[in-house]
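Below: the structure, in structure tokens.
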């Protein structure tokens, strides 16, 4: 049996009317040494029939009996794959025909520490218009983009990426606990261990459709989970924490976000971020201006100690 050079993982939950476009853009790649693993995440539609109708021996179909989420579907695909490189396609998107060939060539010319090659994209709006999507430039070992005060990997589309198999062995698979930002969280971990190679031209079309990426409740929960998971990495970056607090505050104003089961968790995280920012500002400025031994300074010191205790629990 010939081992494919690239394994392509395509998770799907229903949306069978879109999947042929995505599959054909993979099968018609100029680089033919590939396997396509379609992971049906418990669809109620007959996805298997659609896949079988394409009649291509490079396709492997796997079905989850229940809907387990995109992270679990991708992990199932990774475990079933055998390629040297792993790429991910979404069920509603479309690759340019030379995508894989260009990325394999980039890997061969890149350094040994390069773990991922990714590209820009064309975003197709609901009105059918095309917009150029510039992917971020990612620096290894860095989490925060100083210009945007957001995670530096934000805006990097998984469908534009190709990743070395060894990366998953070293840093693990996708975190299935995240309802959104599954790719972003993985890219954060990847950036702490590998170099990123950016092809500065589009190699795929990203279609804006309703799904988890437009679920505001999933957004709210995922923001909290990211802060919890990487708090030790960003706890001294007060500007970033304040920016994240602002984002969470805006999200909480949305009525649907209050429906979330993690409303209490979100509130506690917002409070911890506020306290941390206050610690940084006030411990270095205000406390130094207050006379030692005064009631006001002591009250403030107690407040800071309360914040420290809370943060040590995270």
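The values are calculated or read from the model by the stated rules, or taken from the named source; none is laboratory data. All values derive from a computational prediction rather than experimental measurement. Note that each Cβ is placed from the backbone with ideal geometry, even for glycine, and that neighbours are counted across all protein chains shown.
Quick notes
- Number of the condition not met by residue 66 [criteria: (1) touching a strand residue (DSSP E or B) at 6+ places or on another chain (Cβ under 8 Å); (2) surrounded by fewer than 21 Cβ atoms within 10 Å (Cβ to Cβ); (3) assigned to a loop (DSSP other than H, G, I, E, B)]: (1)
- When residue 227 is tested against the conditions (1) outside any loop (DSSP other than H, G, I, E, B); (2) in contact with a helix residue (DSSP H, G or I) (Cβ under 8 Å, 6 or more places away or on another chain); (3) under 24 Å from residue 110 (Cα atoms), the lone failure is (3).
- As for segment 113-123, it holds at least one residue that is out of contact with any helix residue (DSSP H, G or I) (no Cβ under 7 Å at 6 or more places or on another chain) and under 27 Å from residue 246 (Cβ atoms).
- Screening residue 44 against (1) in contact with a helix residue (DSSP H, G or I) (Cβ under 9 Å, 6 or more places away or on another chain); (2) over 22 Å from residue 181 (Cβ atoms); (3) in contact (Cβ under 8 Å) with a residue 12 or more places away in the chain leaves a single unmet condition, (1).
- The one condition in (1) modelled with pLDDT under 95; (2) surrounded by fewer than 18 Cβ atoms within 10 Å (Cβ to Cβ); (3) touching a helix residue (DSSP H, G or I) at 6+ places or on another chain (Cβ under 7 Å) that residue 30 fails to fulfil: (1)
- Test: residue 201 is modelled with pLDDT of 80 or more, in a helix (DSSP H, G or I), in contact with a strand residue (DSSP E or B) (Cβ under 9 Å, 6 or more places away or on another chain) and at negative phi: no
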